[in-house]
Amino acid sequence: MDTHSTPAQAPHADGSHADDAHAGHDHPTWKTYVKVGVILTLITIAEVWAYYIPSFVASRAFVPSLLIMSAVKFVTVVMFYMHLKYDHKIFRVLFVGPVLIASLTLISLMFLFGHLGIRL
């Protein structure tokens, strides 16, 4: 019988074990990962399909739509496959804050250089 306790099995101050602390978090099942994979595949198909429509490629909506689809895929991968959705909220804030700043910067630059189709 092993009498040494590992750090993961050491009791907390309230008497619970470290494994009990993670028991309250509901992590996704394999079905969730398959659904997310299908959604990512459909978005990728939409991106490739949009590239093969010459009238859409020539329009001003082409670049913003590809950027939006790419951003949706990026957020989906980070939230599900990197488990950010199930981590502590401070990690979500530390990630989402800079992403919002970068997104607003890109949108501002697209507006400034006329790629949003808005004329002043």
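Laboratory data are not the source of any read-out in this text; all were calculated from the coordinates shown. Treat the numbers as computed from the prediction; the structure is a model and nothing was measured. No Cβ is skipped: glycine too gets one built from the backbone with ideal geometry, and neighbour counts run over all protein chains shown.
Before moving on, here are some points about what is shown:
- Distance histogram in 5 Å bins (all Cα pairs of the range 27-112, percent per bin): 3, 12, 19, 18, 18, 15, 9, 5, 1
- Restriction of the chymotrypsin sites (Phe, Trp or Tyr not before Pro) in the range 36-120 to DSSP coil positions whose beta-carbon has at most 12 other beta-carbons within 10 angstrom yields Tyr52, Phe113.
- The lysines whose alpha-carbon is closer than 19 Å to the alpha-carbon of Lys31, local same-chain residues fewer than 8 away aside, are Lys73, Lys85.
- Bins of 10 Å, starting at 0 and running to the largest distance - Cα pair percent for the range 41-88: 25, 42, 22, 10, 1
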